[in-house]
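Before any comments, here is the structure.
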Amino acid sequence: MPFELWVALRYLRDQRFQTGLILCGTGVGVGVIVFLSALITGLQESIIERTLGSQAQVIVRPIEEIPRVHPMDGEVLAALTLERPPQRVRSIEGWRAIEDVVRRSPDVSGVAPTITGPAIALRGQGSIALSVRGIELESYRTIVDVESRLVEGRFDLAGFQVVVGTELARTLGTGLGGRVRIQAAGDRGGVYTISGIFDYSSQTLNESLVFVSLRGAQTLFGIAGGVSALEVTGGDIFEADAMAARIQDRTGLVAESWMEQNGDLLVGLRSQSMSSVMIQVFVILAVALGIASVLAVSVVQKAKEIGILRATGTRSRSVTRIFLIQGAILGGVGSLLGIALGAFLALFFANLARNPDGSATFPVALTPLLYGRSAAVAIAVGLLAAVLPARDASQMDPADAIRNG
Amino acid sequence: MRFEMVDGGDVPLLQATDVRKTYGERVVTQALKGIDLELAEGAFCALTGPSGCGKTTLLNLIGLLDRPSGGQLVLQGEDVGPLSDEARTELRGTRLGFVFQFHHLLPAFTALENVMLPLISRRGRATAEIREKAARLLDRVGLSDRANYKSTDLSGGQKQRVAIARALVIDPVLVLADEPTGNLDTESTAQVMDLLESFNHQYGTAFLLVTHEDSIARRCRRVVHMVDGLIASDQSGSLSPADRT
Ligand SMILES: Nc1ncnc2c1ncn2[C@@H]1O[C@H](COP(=O)(O)OP(=O)(O)O)[C@@H](O)[C@H]1O
Ligand SMILES: [Mg+2]
C-alpha cells in the first residue's frame, strides 16, 4: 500500500469519532441528493413517458394558409388572407414522397401517416365530441404502443370497426361489440362497431379519442387518398426539437415537436429540476464544509505528528497527499453510505403509495448512473474540501511543530 | 559506505561557522549569536547549558529543520544554506536522525510501524526488507516483544528506545537528540544511554545530545557548553569510554 494511503487510513481509523461523525454527515448529504434525484428524475420520466406514450415525438402537418402578397401593377400592394373554413381537415400534398424523405433521415426511427379530425358520436339522444384518428396499425405502432393500452378486445380497425377509450365506452353506455354512429362535417358518417377499448390514463383522451382505419378516416373527412399528418419518432426524446427543425427544413412543411406542443409542461419540469439542483448544491456545500472543518481540526491536532514525519524525511507533497486522500476517502465512503440511505428512502417512498394498477404513484429512478455520479461528486467534493487543510499541513514548519514543551 | 562520500577523511561531518539565529520581527530574540562548531565523523558529543540558551535552536538548524539567520552550515562538505526545502527534506530522510524529548512516536502506529515509517516514506511503500530491518533494530533496542504494541501502550523508556530505533533505521551519519532522557527515570536513562553509546561504537554514527544532566554529559567524549546563544566552553576527551568503570 502506498505510504500516503497507509497513513491516511490510519489517521481516519485513529480518530474514529470524528471520522464516524463526518461519514454520517456526508452520508446524509449524499443520501438527500440520491433520494431527491431519484424522485425527481422518476417523476419527470413518468410524466414524459405518459405524455409521449400517447403522442409522437414530431408531428408534420400541412403548411398553414398564410396571407399571400401579390404584386400589383404600379406601387399598390394588396394583401389577401385565405381564411380556411373551421373544422376542415386538410391533406398533405404528395405525402407519400414526403414520407419517404422523412423516413430516410438517419435520426428517424418511425413514420406513420395519420388523419386526425373532429367528429361527434351519436347514440340514442346524446352526442359527444370526438377526436377521430385514422391510422394504419402497422406504421402507427412504431410511434405509439397503442396495443399495450388496450384493456379489452383487439386493435382491429378493418371495415367499420373502432377502438374507443374506457371513458367514452362508459359515457355511451356500451362496450365491446357495441355500435356507435360517428358523424363528421359535411354529413359524412357511419355506424361503427367497437372492437377494442383502450386506457391512456388520461381523462381527456379516454373520453374523446377514437381510432379508425386510415381509409375510414379519409372517407369520413372527405380527403380520399390523403393524410392530415405524418407522425414521426426518433431516438433521444430531448432531440425532438432538432429533429423537427431538420424535417421542416427538408420538407417545407410544419413540423412540431412534442416539446413545442407541451411548452408549459417543459417549463414546469425545468423549474423542478432547477430547484432540485439548487438544493443539491447547498447540500454539497454543507458536506464540503463539514469535511473541510474535520480535516482542518485534524491538521491542528496532528501538528506535532506531522512535524515528526517531516523531520524524519517525509516530503511535504506526501503530507499534502495524506490529507487529500483522507478527504477523498471521507467523500467516497460517505457516498456509499449515502447511496444506500438514498436508495432505501427512495424505495420506501416509492412503495408508500401505489396506483390501482400496481405501479408506483411516485416512481423513482435509481440508476447506476445516479450512483456513479453521486460517488464521483462526493469524492471530488472531499478532495476539494481537503485542499486547504492539506496545504496548511504541508506548509507547517516542522521546527515549530516539534519544539519541546 | 557513507565514509566513502567523504574524501580523505579530513572533511568534518559538520562545520558550523558564525551561525546566528534571531526570532521575531517586532520583538527580536537573538537565540544564537555566532556559533562556531565542528563535529567529526563518529562524534559522541553533549550540548549543555541553561534553559533558553539556544540548544534546541542550534539542533534545529543542524537538523535542517530551520534556516539560520546568518552564518554557514556545511554537512559532509556540502554547504546546506542554498539548498531547497526539498533537498533538505531529502538530507534529513537519508543522513539525519532525530530523537525528541516529548511526543516521541505516532500513536496511530505500532512500535514496529513507527520504526519503519522513515524508510516507507522514502521508498513509497512498505517492503519485506524494510520490515526486517525495523524488526532487527527493535530487537537491538530490546523491544522485539513489543513490536505490535501501539505506542500508547509503551512506557516512557520503551517509547524512547523505539524512537532511537526509528532514528537509526535510515543509517544516519548524525543523530540529533534533544534531551532524550529528560522524561525518564534513572534506569531507563541508563538503558537509553547504553544504547546510544553502543550504536556509536558499532556503526560509527555520530551523536549530538542536548542534556541538562551532568551524569549524561560525563558519558560523552566531548561536552559543548552554551550560555546565552554562544559557546562558552568546549571540552574534549575528558573521559574516553575505556576510562569509565
Ligand atoms: N519559535 C520561536 N520564536 C521566538 N523565540 C523563540 C522561538 N524558539 C526559541 N525562541 C527563543 O530562543 C531562545 C532559545 O531557545 P531554545 O533554543 O529553545 O533554548 P534551549 O533549548 O536551550 O532551552 C529562547 O529565548 C527562546 O525563548
Ligand atoms: Mg530546548
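The values are calculated or read from the model by the stated rules, or taken from the named source; none is laboratory data. All figures in this text were calculated on a predicted structure; none of them were measured in a lab. Neighbour counts run over all protein chains shown; Cβ positions are idealised from the backbone, glycine included.
The set of residues in region B:24-45 that are under 15 Å from residue A:400 (Cα atoms) and either near ligand 2 (Cβ under 10 Å from one of its atoms) or in contact (Cβ under 8 Å) with a residue 60 or more places away in the chain (or both) contains only B:31.
Only one of B:208, B:195 is at pLDDT 90 or above, surrounded by 13 or more Cβ atoms within 10 Å (Cβ to Cβ), of a type outside the set (Asp, Glu) and part of a helix (DSSP H, G or I); which? Working first, answer last.
Numbers: B:208 fails: part of a helix (DSSP H, G or I).
Among B:208, B:195, only B:195 is at pLDDT 90 or above, surrounded by 13 or more Cβ atoms within 10 Å (Cβ to Cβ), of a type outside the set (Asp, Glu) and part of a helix (DSSP H, G or I).
Please determine whether any residue of region A:318-327 is at pLDDT 95 or above, hydroxyl-bearing (Ser, Thr, Tyr) and in the same structural domain as residue A:389 (by TED's automatic domain parsing). Walk me through it before giving the result.
Within region A:318-327, the subset at pLDDT 95 or above is A:318-327.
Those left that are additionally hydroxyl-bearing (Ser, Thr, Tyr): A:318, A:320.
Still in the running and in the same structural domain as residue A:389 (by TED's automatic domain parsing): A:318, A:320.
So far as region A:318-327 goes, yes, one or more of its residues are at pLDDT 95 or above, hydroxyl-bearing (Ser, Thr, Tyr) and in the same structural domain as residue A:389 (by TED's automatic domain parsing).
Restricting region B:50-104 to residues that are over 14 Å from the mean Cα position of the chain (by Cα) and assigned to a helix (DSSP H, G or I) leaves a set whose member that is nearest to the other protein chains (Cβ to nearest Cβ) is B:89. Cβ-Cβ contacts under 6 Å between residues 6 or more apart (or on different chains), taken from a first residue in region A:316-341 that is away from chain B (no Cβ under 13 Å) to a second residue that is among the acidic types (Asp, Glu) and part of a helix (DSSP H, G or I), are listed as A:325/A:4. Filtering region B:124-139 to residues that are farther than 17 Å from residue B:97 by Cβ, within 11 Å of another protein chain (Cβ to nearest Cβ) and either in a helix (DSSP H, G or I) or of a type in the set (A, V, I, L, M) (or both) leaves only B:126. When the criteria are applied in full, residue A:343 fails the requirement of being in contact with a strand residue (DSSP E or B) (Cβ under 7 Å, 6 or more places away or on another chain) and either in a loop (DSSP other than H, G, I, E, B) or farther than 30 Å from residue A:2 by Cα (or both). Could you look through region A:346-405, keep only residues that are within 16 Å of ligand 1 (Cβ to nearest atom) and assigned to a loop (DSSP other than H, G, I, E, B), and pick out the one that is surrounded by the fewest Cβ atoms within 10 Å (Cβ to Cβ)? Only one residue fits best here, namely A:405.
When A:133, A:154 are checked against the criterion of being within 32 Å of the chain's Cα centre (by Cα) and over 30 Å from residue A:256 (Cα atoms), A:154 stands alone in meeting it. I want to confirm something. Restricting to region B:140-191 and keeping residues that are among the aliphatic types (A, V, I, L, M) and within 16 Å of ligand 1 (Cβ to nearest atom), which single residue is farthest from the other protein chains (Cβ to nearest Cβ)? Top of the filtered list is B:177.
Matching residues to (1) within 16 Å of ligand 1 (Cβ to nearest atom); (2) surrounded by 15 or more Cβ atoms within 10 Å (Cβ to Cβ):
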residue: B:25; (1), (2): yes, no
residue: B:43; (1), (2): no, yes
residue: B:49; (1), (2): yes, yes
residue: B:52; (1), (2): yes, no
residue: B:60; (1), (2): yes, yes
residue: B:76; (1), (2): no, yes
residue: B:81; (1), (2): no, no
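Among the residues making up region A:114-143, those that are in contact with a Leu (Cβ under 8 Å, 6 or more places away or on another chain) and of a type in the set (A, V, I, L, M, F, W, C) are A:115, A:119, A:120, A:121, A:128, A:130, A:132, A:135, A:137.
Residue check: residue B:114 meets all listed conditions (1) closer than 20 Å to residue A:304 by Cβ; (2) within 15 Å of ligand 2 (Cβ to nearest atom) but one, namely (2). If residue B:21 meets every condition in (1) within 10 Å of another protein chain (Cβ to nearest Cβ); (2) within 16 Å of ligand 2 (Cβ to nearest atom); (3) touching a strand residue (DSSP E or B) at 6+ places or on another chain (Cβ under 7 Å) apart from one, which number is that one? For residue B:21, the exception is condition (1).
If only residues of region B:27-41 that are within 11 Å of ligand 1 (Cβ to nearest atom) and assigned to a strand (DSSP E or B) are counted, the one that is farthest from residue B:218 (Cα to Cα) is B:29. Screening region A:347-405 for residues that are among the basic types (Lys, Arg) and at pLDDT below 85 and picking the one that is nearest to ligand 2 (Cβ to nearest atom) gives A:403. Across region A:212-228, not a single residue is classified as within 26 Å of the chain's Cα centre (by Cα) and either in the same structural domain as residue A:113 (by TED's automatic domain parsing) or among the β-branched types (Val, Ile, Thr) (or both).
Residue count for region A:230-257 under the criterion of being within 16 Å of the chain's Cα centre (by Cα) and modelled with pLDDT under 90: the result is 8.
Scanning region A:93-112 for residues that are more than 26 Å from the chain's Cα centre (by Cα) and within 30 Å of residue A:187 (Cβ to Cβ) turns up A:93, A:94, A:95, A:96. Scanning region B:46-87 for residues that are in contact (Cβ under 8 Å) with a residue 40 or more places away in the chain and more than 16 Å from ligand 2 (Cβ to nearest atom) yields B:68, B:69, B:70, B:71, B:72, B:73, B:74, B:75, B:76, B:77.
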